[in-house]
Each structure stands twice: as structure tokens, then as C-alpha cells.
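The values are calculated or read from the model by the stated rules, or taken from the named source; none is laboratory data. The structure displayed is predicted, hence computed values, not measured ones. Cβ sites come from the backbone with ideal geometry, for glycine too, and all protein chains shown count toward neighbours.
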Amino acid sequence: MAKENNNIVIFGASGDLTKRKLIPALYHLYANKMMPENFTILGVSRTDYSDDAFREKLAAFLKENEKVDEETLSRFCQHLYYLPIDPADSSKYDQLAARLETLSEKHNTGHNNLYYLATPPSLYGVIPECLANHNLHDQSNGWKRLIVEKPFGYDTATAESLDKKLHDQFEENQLYRIDHYLGKETVQNLLVFRFSNGMFEPLWNRNFIDYVEITGAEFLGVEGRGGYYDGSGAVRDMFQNHLLQVLGMVAMEPPAAIRSDSIRDEVTKVMQSFRPLSDEDLKNNLVLGQYTSSDVRGEHLLGYREEPGVAEDSRTETYIGLKMFVDTWRWNGVPFYVRTGKRLPTRVTEVVIHFKKTPHPVFGANAPENKLVIRIQPDEGILMSFGLKKPGAGFEAKEVSMEFHYQDLKESQLLTAYERLLLDAIKGDSTLFARSDAVKACWEFVEPILSYKEDPDSLFGYAAGTWGPEQADALLKRDNREWRYPCKNLTNTEYCEL
């Protein structure tokens, strides 16, 4: 799919997301000759910058934080422009329309506009209406696309309300709901790994898989975002979007074609097949936790309620562990254990496929476990564990591993998540963006958890730097299973602090 010339309009251009993620991603795409021949980047925000001041600010940040070529950076900055208006004031959008008209003529961008909402969520429904009021959503003279950052709603009701507002102005094929987890190379590789290898796809079902675990761990706390996080929590911040999207990729059926609609159809079917959580599930299969103060490697880590901006009696969860099921033919009866939390021992996201043990009674309980570890971050790669004879007399089996690391592909350049997703949006490829019905299915699934959080007995403490509440370990132990305790190093299967 060709990349057409276009204008990229970033609302909230004076904020951190633009500076730290979007502009570096666009610069790298430009430096690697992946951008269209003619394009512009127009920042829109209330801060009073001129074009030159905006360019100087972003160039200084890139020089300080990225590896840049001076000449390339200079050429890139000539594509940067800025318009100081209030994005919530519809009367100012005539200025935006006039500026885009001028840039389209100057750079021959064909009136193709990609709008990026790098703003607070309160503006997600406002900006599209302002655009429509000035016909800036009209595709009669060029395509118009809208990228919406998460969070996409606060619960089912607010997500549906936002969805209605967006669809009042834009068609679904114009909307790109971004989840940067889906932009990670290792998440996308789930599709290729599963469906291109005849040795794995026949085993990818209830007949051979015992259970699946998905971990999204962070060592950092709320890092000065206590005010925001206290109104969000782990369920909304990580579980509802990132990890359920990953689960959808793991559990989906083979798509009819490698096309955005075909792939998103299958992912959505998985989400619509999540077994609804009963009251018994909430009591027995859900663990919510909140980190408490602790000393880790000589450093004192504050408890969540001691963080700036967090209420002293806050009941916001910083950890969730859940045993859940996907009620399809392929996965019937196979539990998915999903966990995410802050202030865990390390930063790591991975999927672990635990295969059933051999039915041969010779090795009994000592039979090695076959595991497939798909590491999403860091030390991206794949680890496969299986049994071999332990050296010496007898036939005692020992677990050994083979691994692959993405960093070994030195001839290939891996795009960052934002680079890949921005490039796809420019191309008009929505494969890695969430669709309306998938978002709705995820919110409907987590709604009982959001209600259960109000139960005074639903929250457990865990010391910062540990793997969460002890109840999360008990969740698996009662099924004679256990979590994998990953380290930053993919091949380290032992428990580690950092």
C-alpha cells in the first residue's frame, strides 16, 4: 500500500507525547526514507510558538535524546509548522482550515490530512466536532483520518458515548484507535509465528496446551502521575486495553487473509468469546493489589498511598491478576492467567504457553514441562523449553532451552511501536488499531471488575519490589500451576529481584 503525500496535524503539540514519542518517530521514519515524498507536520496547541520556535524546541530535544544527522534534521524541520489556537474553540478552526490549504498548495500534499489527538481525553469528542464544523473531515478532496489515543472511555457507558460522538462526524474506516502495544514487533510476530509454522499451529489448542499466562510487569511506580493514575488503576490503564489485545492475538483463529478487516474480525471474535465473570469468579479468580512501601537494593520505595497526588485512603488497584477463559472450540477449558502491576521486580511483558506434560508414566511428576515464551519487551525474543536426558547414569530428564533474540537480526531495523503505527496510519492500514466492536467487548468484559473494586475486601497489599499479593500465587497453586518469574534477560528462568 503506497504512502500518499499528506499533512499530519498533531493536536496537543506542546505536550510530552508529541515531544518524546511522535516527533522522534516521525524523524526516524523520515531519516530512513519511509515518509511520503511530500508531507507536513502541523502542531496545534494553545502555547504561543512561532514556526521557528516550535522547530528549535523539537530540534534541541532530538539532538539531546536521539542519534541524529544534522543535515537530515535540518531538512526534517522544514516540514514542521505550528498554529497557536485553542483546540476546544471551534471558532478558531477557520484558521486551521486556511493554514492547511496553504500547506497543501506549498507542499503538494493533496489535502490528505491525518489528525492525531495527543490531548487530554476530555477533548476526544470535542476536536472531531470542531473539525466537522469546518468540513475538515470531508474526504471529497482527499482522505481524512483521525488517530485517538487511549484511554478510549472510562467504562462501557463512556466508551459508547465517545464512540457515538466520533461516529457522528467520522466513518469507522477513518478512525484509528491507537494501542502502542500492538505496534511492537514481537506482538505482530504472534501472527507470523503461529500461522506460518506447521510445527506450532497444530498444537495451538486445548488438546495440547495446559494453560497460558500473560504478564505485563512494571518496576516503576506512578512516577508523578498519581493524580491521573488514582482515577484509573491497573484495570483501566493496562489490563482492559494492552493485555486483552495481546490475548486476542494469542487466541485468534487464522484470518482468511492478511488484511486489516480479516485480522480484526478474528481478534474481535476472541474478545466477544471471553467468558463473562460471575460473582464466584470475582471472589475466587480475581486478585487486586496495591503496593506498599519497601526497601529494595538499598533504596526506599514509597507505598502507593504515599505517592504525590494519591489520596491517603485510596483504594485504587496497582495490580490485577485474573484467571479467565475464552469460550471457543479451540480454547474450551484452557485457563488464561493474566497479570499486570506496578512496582513489580522488573519491567517485562511476555506470553507463556504451557504445554501439557507427556502422558507416558515413565517420568511421572518429574517429566519436564514444555514451555514457549514469547517475550514482547525487553530482550525481545522467543524461548522454547523441553526435556533432554541429564548426563550420567540412568534416564533422568532435565529441562533445557533454545532461544532466539531479535537483536541478532542485525541486518534488519526494528521500528518502534509509534513508528510502525504512524506509518500504518499514513498508509491507511488499520490492522494494528482497535476497532469499535472490539473496544466495546473489552469494556463489557471488565465492567464486573470495575464494580467489584468497590467491595471493601477486594484489595490486598504487596510490598514494592515483589511479584504482587500472595493471593495471586495461590490462584495458580490451587490448580497445581505456577507463574513464571521472568527477568530482564529472556533466558533467566529463576526468580530475580531486578
Checklist entry - What is the residue count in the range 243-285 for residues that are under 21 Å from the mean Cα position of the chain (by Cα) and either more than 22 Å from I376 (Cα to Cα) or among the polar types (S, T, N, Q) (or both)? => result 11
Checklist entry - Counting only residues that are among the hydroxyl-bearing types (S, T, Y) and buried (at least 21 other Cβ atoms within 10 Å of the Cβ), which one in the range 407-431 is modelled with the lowest pLDDT? => result S430
Checklist outcome for this item: For the range 179-212, the count of residues that are crowded, with 16+ Cβ neighbours inside 10 Å, touching a helix residue (DSSP H, G or I) at 6+ places or on another chain (Cβ under 8 Å) and of a type outside the set (S, T, N, Q) equals 15
Checklist entry - Is at least one residue of the range 132-152 assigned to a helix (DSSP H, G or I) and either of a type outside the set (F, W, Y) or assigned by TED's automatic domain parsing to the domain that holds D230 (or both)? => result yes
Checklist entry - Somewhere in the range 55-70, is a residue part of a loop (DSSP other than H, G, I, E, B), among the hydrophobic types (A, V, I, L, M, F, W, C) and not assigned by TED's automatic domain parsing to the domain that holds I258? => result yes
Item to check | the range 2-23, subset of a type outside the set (D, E) and free of Cβ contacts under 8 Å to residues at least 60 places away in the same chain, residue farthest from Y81 (Cα to Cα) | outcome: R20
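Assess whether M199 counts as being over 20 Å from the mean Cα position of the chain (by Cα) and in the same structural domain as G333 (by TED's automatic domain parsing).
Criteria met by M199.
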Checklist entry - Does any residue of the range 302-316 turn out to be closer than 24 Å to D473 by Cβ and buried (at least 22 other Cβ atoms within 10 Å of the Cβ)? => result yes
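Go through P120, P128 for me and flag whichever is closer than 15 Å to R177 by Cα and in contact with a Lys or Arg (Cβ under 9 Å, 6 or more places away or on another chain). Steps first, please.
Values: P120 fails: in contact with a Lys or Arg (Cβ under 9 Å, 6 or more places away or on another chain).
Checking each option against the conditions leaves just P128.
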Item to check | Which numbered condition P456 misses (of (1) at pLDDT 90 or above; (2) assigned by TED's automatic domain parsing to the domain that holds Q272) | outcome: (1)
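Of the residues that sit in the range 175-206 and are more than 30 Å from L146 (Cβ to Cβ) and among the charged types (D, E, K, R), which one is modelled with the highest pLDDT?
Within the range 175-206, the first condition is being more than 30 Å from L146 (Cβ to Cβ), and the residues that meet it are 193-206.
Then keep just the ones that are among the charged types (D, E, K, R); that gives 194, 201, 206.
Numbers: R194: 84, E201: 86, R206: 95.
Ranking the qualifying residues of the range 175-206, first place goes to R206.
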Next on the checklist: Testing E299 on (1) at pLDDT below 95; (2) of a type outside the set (A, V, I, L, M, F, W, C); (3) under 26 Å from the mean Cα position of the chain (by Cα); (4) over 16 Å from G233 (Cβ atoms), one condition comes back false. Which one is that?
Outcome noted: (3)
Checklist entry - Out of all the residues in the range 29-54, which are buried (at least 17 other Cβ atoms within 10 Å of the Cβ) and assigned to a helix (DSSP H, G or I)? => result L29, Y30, A31, F54
Next on the checklist: Suppose the filter is surrounded by fewer than 19 Cβ atoms within 10 Å (Cβ to Cβ), touching a Leu at 6+ places or on another chain (Cβ under 9 Å) and of a type in the set (V, I, T); does T215 pass it?
Outcome noted: no
Checklist entry - What's the number of the condition V9 fails, among (1) outside any loop (DSSP other than H, G, I, E, B); (2) at pLDDT below 95; (3) crowded, with 20+ Cβ neighbours inside 10 Å? => result (2)
